[in-house]
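Student: Take this structure, written in structure tokens, and hold onto it; I'll ask about it next.
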Amino acid sequence: MAKMYYEKDCDLSKLDGKKIGIIGYGSQGHAHALNLKESGCDVCVGLRPGSKNWANAEKAGLKVMSVADTAKWADVVMILINDEVQADVYKRDIAPNLEAGNALMFAHGFNIHFKQIVPPADVDVLMIAPKGPGHTVRSTYVNGKGVPCLLAVEQNATGKAYDIGLAYAAGIGGARGGVMETTFQDETETDLFGEQAVLCGGVVELMKLGFETLVEAGYAPENAYFECIHEMKLIIDLINKGGVAMMNYSISDTAEYGEYVSGPRILPYEETKKNMKAVLTDIQNGSFAGKWIAENKTGRCFFNASRAILAKHQMETVGAELRKNMLWGNDTDPDTASN
């Protein structure tokens, strides 16, 4: 069993007197910065001059400076910008401003594990990775709960990295849900695999193919959307609360029987497992990382084209119209997505 920590194991006072720089104010950045501030921490957000989020962060009552100035000011630097730009920003704005004894933190191990960022030996290098989107990190904190986090220490130069990591997890609310100890390698490889094979790649393809199958058979696109996409959240909420057993308890026996007889037809065990292992191998040997790094250096042609194609897919256009007429109307705030 992996080692777990909770609020009783975390001492938020370990951050007393420490200045925390949050680099980025996107999904994770805004959640970490606001949660830490409301937990009593001294926080500054680091952004590039001209960033559209500069005014948003200041409006939320946060101190904002350039990335370089924030890195120079901070004792703890948490990098929460996109994986593909972290290395360049680190080399240009963060590395020259790190001091011995600082803590360099991440919410995902990509750049450390694949050696795009190589920190100096005299700083702590650690990770607090919430197992949920930043908007959920924020909304659960506000509601008195928290998203479980992973803790990993790659470099413990001061001997205090674990204390800092656990205090930080408490500050963003993660210790309310539990903090599991892991490694940068394990977090990086399992996170990439989960995203690609199940959570994003797998689920989106499954919903899309189900939607297309019903529409091509002559059923109304609105029905197809409700059956294959809208209800996905309702099912996942049940699984998240009490496992597959709770879902099966809540659905009809007919639906459960269909789960057993048709699930393996849709995802044949041996073939699906073989494909998943191939995806995992590409992650483990660095092939995926290499392709993603190259994609960003050559203009993101495949990425941008794929995004544009998905945006025009009928399940997206029909879904957008249906959601306008639901109870939440035009509410597109990701902070309320888990409510």
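The values are calculated or read from the model by the stated rules, or taken from the named source; none is laboratory data. All figures in this text were calculated on a predicted structure; none of them were measured in a lab. Positions of Cβ are generated from backbone atoms using ideal geometry, with glycine treated the same way; all protein chains shown enter the neighbour counts. Surface accessibility is based on the protein's heavy atoms, side chains included, excluding ligands, DNA and RNA. Shrake-Rupley method; radii C 1.70, N 1.55, O 1.52, S 1.80 Å.
Student: What is the one condition in (1) assigned to a helix (DSSP H, G or I); (2) open to solvent by less than 20 Å² (accessible area, probe 1.4 Å) that residue 93 does not satisfy?
Tutor: Residue 93 satisfies every listed condition except (2).
Student: Another question, if that's okay. If you take the residues of segment 172-189 that are crowded, with 17+ Cβ neighbours inside 10 Å and of a type in the set (S, T, N, Q), which of them is farthest from residue 151 (Cα to Cα)?
Tutor: 188
Student: Are there any pairs with C-beta distances below 7 angstrom linking a residue in segment 182-194 that is over 21 Å from residue 166 (Cβ atoms) and hydrophobic (A, V, I, L, M, F, W, C) to a residue that is assigned to a helix (DSSP H, G or I) and open to solvent by 50 Å² or more (accessible area, probe 1.4 Å), with the two at least 6 apart or on different chains, and if so which?
Tutor: Qualifying pairs under 7 Å: 192/288; 193/280.
Student: Can you spot a residue in segment 141-149 that is under 16 Å from residue 7 (Cβ atoms), modelled with pLDDT of 95 or more, under 15 Å from the mean Cα position of the chain (by Cα) and small (Gly, Ala, Ser)?
Tutor: Yes - at least one qualifying residue is present in segment 141-149.
Student: Also, I was wondering about something else. Being crowded, with 22+ Cβ neighbours inside 10 Å, closer than 19 Å to residue 192 by Cβ and at pLDDT 95 or above, is that true of even one residue in segment 47-59? Can you show your working first?
Tutor: The initial filter retains those residues of segment 47-59 that are crowded, with 22+ Cβ neighbours inside 10 Å, namely 47, 57.
With closer than 19 Å to residue 192 by Cβ added as a condition, the list becomes none.
No; the residues of segment 47-59 include none that is crowded, with 22+ Cβ neighbours inside 10 Å, closer than 19 Å to residue 192 by Cβ and at pLDDT 95 or above.
Student: Considering segment 26-39 alone, what residues qualify as being touching a residue at least 40 places away in the same chain (Cβ under 8 Å) and not hydrophobic (A, V, I, L, M, F, W, C)?
Tutor: Filtering segment 26-39 down to residues touching a residue at least 40 places away in the same chain (Cβ under 8 Å) leaves 26-32, 34-36, 38-39.
Matches in segment 26-39: 26, 27, 28, 29, 30, 32, 35, 38, 39.
For (1) over 24 Å from residue 173 (Cβ atoms); (2) open to solvent by less than 10 Å² (accessible area, probe 1.4 Å); (3) under 20 Å from the mean Cα position of the chain (by Cα), each residue gets a yes or a no:
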{"site": "98", "(1), (2), (3)": "yes, no, no"}
{"site": "104", "(1), (2), (3)": "no, yes, yes"}
{"site": "119", "(1), (2), (3)": "yes, no, no"}
{"site": "130", "(1), (2), (3)": "no, no, yes"}
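Student: Any residue at all in segment 1-13 that's without any contact (Cβ under 8 Å) to a residue 24 or more places away in the chain and either touching a strand residue (DSSP E or B) at 6+ places or on another chain (Cβ under 9 Å) or open to solvent by 20 Å² or more (accessible area, probe 1.4 Å) (or both)? Full working, then the answer.
Tutor: Of segment 1-13, the ones without any contact (Cβ under 8 Å) to a residue 24 or more places away in the chain are 1, 8.
If we keep only those that are either touching a strand residue (DSSP E or B) at 6+ places or on another chain (Cβ under 9 Å) or open to solvent by 20 Å² or more (accessible area, probe 1.4 Å) (or both) too, we end up with 1, 8.
Scanning segment 1-13 turns up at least one residue that is without any contact (Cβ under 8 Å) to a residue 24 or more places away in the chain and either touching a strand residue (DSSP E or B) at 6+ places or on another chain (Cβ under 9 Å) or open to solvent by 20 Å² or more (accessible area, probe 1.4 Å) (or both).
Student: Inside segment 260-282, can you point out the residues that are among the acidic types (Asp, Glu) and either surrounded by 14 or more Cβ atoms within 10 Å (Cβ to Cβ) or in contact with a helix residue (DSSP H, G or I) (Cβ under 6 Å, 6 or more places away or on another chain) (or both)?
Tutor: Initially, segment 260-282 is screened for residues among the acidic types (Asp, Glu), giving 270-271, 282.
Residue satisfying the conditions is 282 alone.
Student: If residue 111 passes every condition in (1) closer than 24 Å to residue 48 by Cα; (2) free of Cβ contacts under 8 Å to residues at least 12 places away in the same chain; (3) not acidic (Asp, Glu) but one, which one does it miss?
Tutor: In the conditions (1) closer than 24 Å to residue 48 by Cα; (2) free of Cβ contacts under 8 Å to residues at least 12 places away in the same chain; (3) not acidic (Asp, Glu), residue 111 misses (2) alone.
Student: Here's something else I'd like to know. Quick check on this structure: which one of 136, 158 is within 28 Å of residue 283 (Cβ to Cβ), surrounded by fewer than 24 Cβ atoms within 10 Å (Cβ to Cβ), among the polar types (S, T, N, Q) and touching a strand residue (DSSP E or B) at 6+ places or on another chain (Cβ under 9 Å)?
Tutor: Working: 158 fails: within 28 Å of residue 283 (Cβ to Cβ).
Criteria check complete, one pass: 136.
Student: Here are some residues: 337, 294, 320, 308. Which one is exposed (fewer than 11 other Cβ atoms within 10 Å of the Cβ), within 30 Å of residue 221 (Cβ to Cβ) and either of a type in the set (Gly, Ala, Ser) or at pLDDT 95 or above (or both)?
Tutor: Details: 337 fails: exposed (fewer than 11 other Cβ atoms within 10 Å of the Cβ); 294 fails: within 30 Å of residue 221 (Cβ to Cβ); 320 fails: exposed (fewer than 11 other Cβ atoms within 10 Å of the Cβ).
Testing whether each residue is exposed (fewer than 11 other Cβ atoms within 10 Å of the Cβ), within 30 Å of residue 221 (Cβ to Cβ) and either of a type in the set (Gly, Ala, Ser) or at pLDDT 95 or above (or both) leaves just 308.
Student: Here is a check on your reading of the model: is residue 119 of a type outside the set (A, V, I, L, M, F, W, C), over 19 Å from residue 156 (Cα atoms) and in a loop (DSSP other than H, G, I, E, B)? Give the steps one after another, and end with the answer.
Tutor: On the way: of a type outside the set (A, V, I, L, M, F, W, C): yes; over 19 Å from residue 156 (Cα atoms): no; in a loop (DSSP other than H, G, I, E, B): yes.
Criteria not met by residue 119.
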